[in-house]
Amino acid sequence: MKFKLICFLTTLAALVFLGVRFYNVHLEDPLTLGRTMSTYYRSVPANDHWWLTSVPEQTAENRAFFEARRKKILELIERFRSVDELSEKMCKYATTMPLSVLRIGTNVTALTLAAGTGFNVVIIPQSEAEGFKKAFNLSTFFYFRGGDEGPLFFPAITMSDAFLACSFMHECGHGIRVTGKILGTQTEEEVLMHGLSLEILKRAVPEYGQKVAQILSRSDTKGFKRMLGKITSEDLREMDTMVHGKVYGREIARVSIKQHIFSVGFSFVDERKLPNIVKSEIYEWLDTVNRAWTDKSH
């Protein structure tokens with residue numbers, strides 16, 4: 001009887017060990033996080049709200065409207081000027097940026113409605129959206145195309161101030177690197193930009209940082225893959241709602257989903273006092289996750 005009990009307990013312990021091992025391997029599989037991202041993304045309404053549906057005429061009224069839009073963007077950048085050294089550089093560089101509207105025809109052109117110097121920020125109206133993606137072979141509307149003057153492409157989709165600030169400053173940061181003001185590899189650059197976005201979101205939406213901390217509290221592991229594997233589709237929904245409010249669509253979610261993953265991953269590295277190079281590993285690993293995610297995002 002005693003021998004049977006020992007055999008039973010040994011078998012039970014082995015099954016528990018294998019179960020835990022399988023669960024951990026499951027969490028580290030890129031498909032796990034990829035499915036989570038896809039499940040959430042497919043639940044988001046397909047239609048975003050565009051505040052500019054077509055290319056406007058160059059009238060005094062429209063020029064005044066776009067001058068006001070430029071002023072709002074600059075005010076947002078100024079609001080987050082003190083986040084770090086990079087945001088300080090952005091404020092100095094983007095102070096007088098011109099604002100244009102994309103026009104897709106025989107050639108890709110832009111109609112300037114707010115003159116200035118520095119980055120040429122080109123707004124993409126809804127009517128030119130698909131043409132833009134085809135012309136540049138992109139899956140997103142947020143894009144900085146090299147050169148001292150850009151252009152920096154940005155969609156005319158309604159966004160919260162928090163997301164407008166972090167996404168615009170992210171792309172603006174790429175422009176600063178192109179002009180030689182930031183040195184490093186593409187991965188290091190992306191780590192800097194997503195790290196800046198995290199800090200902006202934490203300042204703009206205090207509960208965002210609290211949510212990140214709550215996710216981190218689920219595990220004491222030192223492996224980031226296992227940690228990120230514990231993110232759920234409901235987590236992504238909560239974080240998007242915090243950042244965007246209740247009304248947003250897939251074009252916005254396509255970008256913010258990845259930022260949420262980076263926010264958790266980078267905070268995990270900082271909390272566990274891991275080498276900063278791990279943030280680069282997280283960025284590169286998410287490329288693997290994206291290949292496992294049917295609806296890839298930039």
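None of 230, 279, 225 is buried (at least 17 other Cβ atoms within 10 Å of the Cβ), among the basic types (Lys, Arg) and at pLDDT 95 or above except 279.
Look at residue 112 and say whether it is touching a strand residue (DSSP E or B) at 6+ places or on another chain (Cβ under 7 Å), of a type in the set (S, T, N, Q), at pLDDT 70 or above and over 22 Å from residue 252 (Cα atoms). Judged against the criteria, residue 112 is a match.
Scanning region 28-54 for residues that are within 28 Å of residue 281 (Cβ to Cβ) and acidic (Asp, Glu) returns 28, 29. Any residue at all in region 159-182 that is buried (at least 20 other Cβ atoms within 10 Å of the Cβ), modelled with pLDDT of 90 or more, in contact with a helix residue (DSSP H, G or I) (Cβ under 7 Å, 6 or more places away or on another chain) and in a loop (DSSP other than H, G, I, E, B)? The answer is yes; a qualifying residue exists. Given the structure, is residue 132 closer than 23 Å to residue 55 by Cβ, surrounded by 14 or more Cβ atoms within 10 Å (Cβ to Cβ), modelled with pLDDT under 85 and not hydroxyl-bearing (Ser, Thr, Tyr)? Spelling it out, it is not the case that residue 132 is closer than 23 Å to residue 55 by Cβ, surrounded by 14 or more Cβ atoms within 10 Å (Cβ to Cβ), modelled with pLDDT under 85 and not hydroxyl-bearing (Ser, Thr, Tyr). If you check residue 55 against the conditions, is it modelled with pLDDT of 50 or more, aliphatic (A, V, I, L, M) and either farther than 30 Å from residue 100 by Cβ or surrounded by 10 or more Cβ atoms within 10 Å (Cβ to Cβ) (or both)? Judged against the criteria, residue 55 is a match.
The values are calculated or read from the model by the stated rules, or taken from the named source; none is laboratory data. The shown structure was predicted, so the numbers you read here are calculated from the model rather than taken from an experiment. Quick reminder, even Gly has a Cβ in these numbers, built from the backbone with ideal geometry, and neighbours come from all protein chains shown.
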